[in-house]
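J.: Please find one structure pasted underneath; my questions will follow.
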Amino acid sequence: FCSSICLGKAPRQVSGSTTETNKAAFMSTPKAKSIGSSLVEILIALAVFSLIISATVLVFFGGQNFAVSSLEAREATQKAHDGVEALRFIRDTKWSTMTDGIHGLEFLASGQWQLTSSPDISDGFTRTVSISTDINTIKHIGLTVTWEHLPEGTRTISLKQTLAPPNQAIAGDWT
């Protein structure tokens, strides 16, 4: 029986049960096996496709988040550096206004910077200037820029600066 099916010959009739023999021959043909394996292949292909799409979406949105975070950090760093330059300008032109405490910075229409009584806020960034004076009238300045980055919360960039009065060098024993 197997030899006739395997060789592609028509099955022989055995005692009048042609239907059962034909069913057995049909079930063991390559076409019946290919239908089942096609379904498995489709399921595997769908699983692979789903994984690829998920990874692509994750990389795309993760990359966007990284880009936004980098732009925000760059802008905060620029605001901090602008603040340090503003403090140098204030040192050179209005040393007496650099009082100890917490301040902000304001750029006036006259093209000059001045300290304000509270931190300045612009474009979602808060810039805080902390000034303290030591016994040699040297100003120790901490400049902090903070902003909200939604997935991670509050982010901060801090700079430290030491400023001597105008036209006075910082003196000390450097040996």
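J.: Based on the mean of other beta carbon atoms within 10 Å per residue, what is the order of 153-159, 140-146, most packed first?
T.: So the order, starting with the most tightly packed, is 140-146, 153-159.
J.: Now, a different point. Of all GluC sites (Glu not before Pro) in region 78-175, which ones are in loop regions per DSSP and have a Cβ with at most 15 other Cβ atoms within 10 Å?
T.: In loop regions of region 78-175 (DSSP not H, G, I, E or B), the sparsely surrounded GluC sites (Glu not before Pro) are 152.
J.: Determine the sum of side-chain charges near residue 155: Lys and Arg each +1, Asp and Glu each -1, restricted to other residues whose C-beta is under 15 angstrom from that of residue 155.
T.: Around residue 155, the surrounding residues sum to -2.
J.: What dipole magnitude, in Debye to the nearest 20, does region 60-151 give about its Cα centre under +1 on Lys/Arg Cβ and -1 on Asp/Glu Cβ?
T.: Roughly 180 debye, rounded to the nearest 20.
J.: What ranking do 44-57, 109-122 get when scored by the average of other Cβ atoms within 10 Å per residue, highest first?
T.: So the peptides 44-57, 109-122, ranked by packing, come out 109-122, 44-57.
J.: Is region 72-162 rounded, prolate or oblate when judged by the Cα gyration tensor, a ≥ b ≥ c being the square roots of its eigenvalues, rounded requiring a/c under 1.5 and prolate requiring a/b larger than b/c?
T.: prolate
J.: Restricted to Cα positions, what overall size does region 104-155 have along the principal axes? Three whole-Å values, descending.
T.: That gives 44, 30, 14 Å along the principal axes, largest extent first.
Any read-out appearing in this document is the output of simple, stated calculations on the displayed coordinates, not a laboratory observation. This is a predicted model, so every value here is computed, not measured. Virtual Cβ from ideal backbone geometry, glycine too; neighbours counted across all protein chains shown.
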